[in-house]
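In what follows, a single structure is set out as structure tokens and then discussed.
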Amino acid sequence: MKAMTITVKSKLPHVGTTIFTVMSRKAEQLGAINLSQGFPDFDAPLPLRELLAEHVAAGRNQYPPMAGVPALREQIAAKVARIYGADVSPELAVTVVPGATTAIFSAILALVGPGDEVITLDPSYDSYEPSITLAGARAIRVPLVPPAFGVDWQRVADSVSPRTRMIVINTPHNPTGAILSAEDMSALTALAERHNLIVLSDEVYEHLVYDGQRHESVLRYPALAARSLAVFSFGKTYHATGWKTGYCIGPPELTAEFRKVHQFNTFVAVAPIQYALADFMARHPEHYLTLDNFYQAKRDFFNRSVAESRFTLTPAPGTFFQLLDYSAIADVDDVTMCERLVTEHGVASIPLSVFCEHPPATRVLRFCFAKQESTLASAAERLCAI
Ligand code: PMP
Ligand code: GLN
């Protein structure tokens, strides 16, 4: 029989396998220490894992409500009231999703379309642009300003056109570790109001803010919250990235449109995980309140351990990522340096340029410090030997 050839017109012709998959696979093949993909090498809290087992055993294994298990939505609404002073309806404003990635995808698909422009920052998390492209819209990238990677709001304003519908922000910011300030939020509010923009706010690292600074959620600012969808991930907060569960908060008008897509994209998030999280949030509210100290200790340990190396640190007030500048070590691009580091020195990292349309001139790699001290110490020893 003659072999059939299938012609495929790719919707994402420039997209390959994500850098996270590539680097984690490489670290495993080479037996390198994996500080590339962002996930902890320690487990979720035992009581949380036990709650999941209990709910599975108790038979909570059928479809939950489309917007999420009510007890979990109530816990989420109570939490954002407590920490951000936000008054959100669990019924109309909170949707539980199978991971922040699907929330970002559903939000973009629901709210922008062909001919629209969406402002994203450069660098930015890798899922934004493909989601915008699949929605038929166009991403307009506005460079962040190194070395601290702050937002130049004048430059953002200059990038707005009559076609701009949405701006995507991410604080704390992956991959740079930068955070937005209260002044940034004022500038964003003024811009969004002036041009009637929807704000998609990726806040998956909301609890990972250090040095006594506070997380500037859009939910703190009623005028901004009224035009925003804010996306969160339990994976980061409960050391369970593989559970792929998160939530999206927005005003009822935006949430209604969001749910229209969510219900056909995934319909629901996994039922027993939602019950387990609802119980755990009720019983251990201190977990997320102590996460900043927990991760700041790891950041400081890692940074102290590489202080004697030839890498230099850039400020990282948030996330579980640290950028290290290698310009004193080699005059090569970051993909080459990353490759060298994993093959010759046994440490896997992520090059900054993969998050960028216009990579900055700085020579930096991203390292994940969501690891046990022993892992960080071994990695630092190798980095100091270079
Ligand atoms: N946004 C950012 C900035 C992230 O770093 C991640 C992490 N993977 C996500 C979204 C996706 O989160 P989730 O695993 O819940 O889909
Ligand atoms: N957010 C994680 C990171 O930035 C990885 C997520 C993924 O593998 N898609 O490393």
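The values are calculated or read from the model by the stated rules, or taken from the named source; none is laboratory data. Note that the structure is predicted; figures quoted are calculated from it, not measured. Cβ placement follows ideal geometry from the backbone for every residue including glycine, while neighbour counts extend to all protein chains displayed. Calculation scope for accessible area: heavy atoms of the full protein, side chains included, ligands and nucleic acids excluded. Shrake-Rupley method; radii C 1.70, N 1.55, O 1.52, S 1.80 Å.
Looking at T101, T171, T120, just one residue is open to solvent by 30 Å² or more (accessible area, probe 1.4 Å), within 26 Å of P360 (Cα to Cα) and of a type in the set (S, T, Y), and that residue is T101. Just the residues that are assigned to a strand (DSSP E or B), within 16 Å of ligand 2 (Cβ to nearest atom) and polar (S, T, N, Q), please, taken from the range 145-191. The one that is assigned to a strand (DSSP E or B), within 16 Å of ligand 2 (Cβ to nearest atom) and polar (S, T, N, Q): N170.
Of the helices (runs of 4 or more DSSP H) contained entirely in the range 4-120, those carrying at least 1 residues that are of a type in the set (S, T, Y) and modelled with pLDDT of 95 or more fall at 70-84, 100-111.
Please tell me if A44 is touching a His at 6+ places or on another chain (Cβ under 7 Å) and open to solvent by less than 20 Å² (accessible area, probe 1.4 Å). Spelling it out, A44 is indeed touching a His at 6+ places or on another chain (Cβ under 7 Å) and open to solvent by less than 20 Å² (accessible area, probe 1.4 Å). Restricting P64, P70, P130 to residues that are within 16 Å of ligand 2 (Cβ to nearest atom) and open to solvent by 10 Å² or more (accessible area, probe 1.4 Å) narrows the list to P130.
Considering the range 227-237 alone, what residues qualify as being open to solvent by less than 20 Å² (accessible area, probe 1.4 Å) and either within 11 Å of ligand 1 (Cβ to nearest atom) or on the phi > 0 side of the Ramachandran plot (or both)?
V231, F232, S233, F234, G235, T237 - these are the residues of the range 227-237 that are open to solvent by less than 20 Å² (accessible area, probe 1.4 Å) and either within 11 Å of ligand 1 (Cβ to nearest atom) or on the phi > 0 side of the Ramachandran plot (or both).
Check whether at least one residue in the range 21-33 is acidic (D, E), within 16 Å of ligand 2 (Cβ to nearest atom) and either touching a Leu at 6+ places or on another chain (Cβ under 9 Å) or open to solvent by 60 Å² or more (accessible area, probe 1.4 Å) (or both), and report yes or no. Yes; the residues of the range 21-33 include at least one that is acidic (D, E), within 16 Å of ligand 2 (Cβ to nearest atom) and either touching a Leu at 6+ places or on another chain (Cβ under 9 Å) or open to solvent by 60 Å² or more (accessible area, probe 1.4 Å) (or both). Looking only at the range 270-296, residues that are touching a helix residue (DSSP H, G or I) at 6+ places or on another chain (Cβ under 9 Å) and either open to solvent by 30 Å² or more (accessible area, probe 1.4 Å) or of a type in the set (S, T, Y) (or both) come to 9 in all.
Of all residues in the range 182-214, those satisfying the criterion of being within 16 Å of ligand 1 (Cβ to nearest atom) and in contact with a Ser or Thr (Cβ under 7 Å, 6 or more places away or on another chain) are V199, S201, E203, V204, Y205, E206, H207, L208. Inspection of the range 167-181 finds a residue satisfying the criterion of being within 24 Å of A81 (Cα to Cα), more than 12 Å from ligand 1 (Cβ to nearest atom) and either hydrophobic (A, V, I, L, M, F, W, C) or under 17 Å from the mean Cα position of the chain (by Cα) (or both). In the range 126-152, the residues that are aromatic (F, W, Y) form Cβ pairs under 6 Å with partners that are part of a loop (DSSP other than H, G, I, E, B), at six or more places apart or across chains, as follows: F149/T176; F149/A178.
If you go through the range 352-379, how many residues are aliphatic (A, V, I, L, M) and more than 19 Å from G177 (Cα to Cα)?
To start, the set of residues in the range 352-379 that are aliphatic (A, V, I, L, M) comprises 352, 354, 361, 364-365, 370, 376-377, 379.
Narrowing the set further to residues that are more than 19 Å from G177 (Cα to Cα) leaves 377, 379.
The total comes to 2.
Please indicate, with yes or no, whether at least one residue in the range 346-354 is within 29 Å of Q29 (Cβ to Cβ), assigned to a loop (DSSP other than H, G, I, E, B), of a type in the set (A, V, I, L, M) and open to solvent by 20 Å² or more (accessible area, probe 1.4 Å). Taking every residue of the range 346-354 in turn, none turns out to be within 29 Å of Q29 (Cβ to Cβ), assigned to a loop (DSSP other than H, G, I, E, B), of a type in the set (A, V, I, L, M) and open to solvent by 20 Å² or more (accessible area, probe 1.4 Å).
Every residue, every condition in (1) within 16 Å of ligand 1 (Cβ to nearest atom); (2) modelled with pLDDT under 95, yes or no:
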position	(1), (2)
M337	no, no
E344	no, no
S349	yes, no
E357	no, yes
L365	no, no
F369	yes, no
A377	no, no
A380	no, no
L383	no, no
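Number of residues in the range 244-268 that are open to solvent by less than 10 Å² (accessible area, probe 1.4 Å) and under 20 Å from Y205 (Cβ atoms) equals 6.
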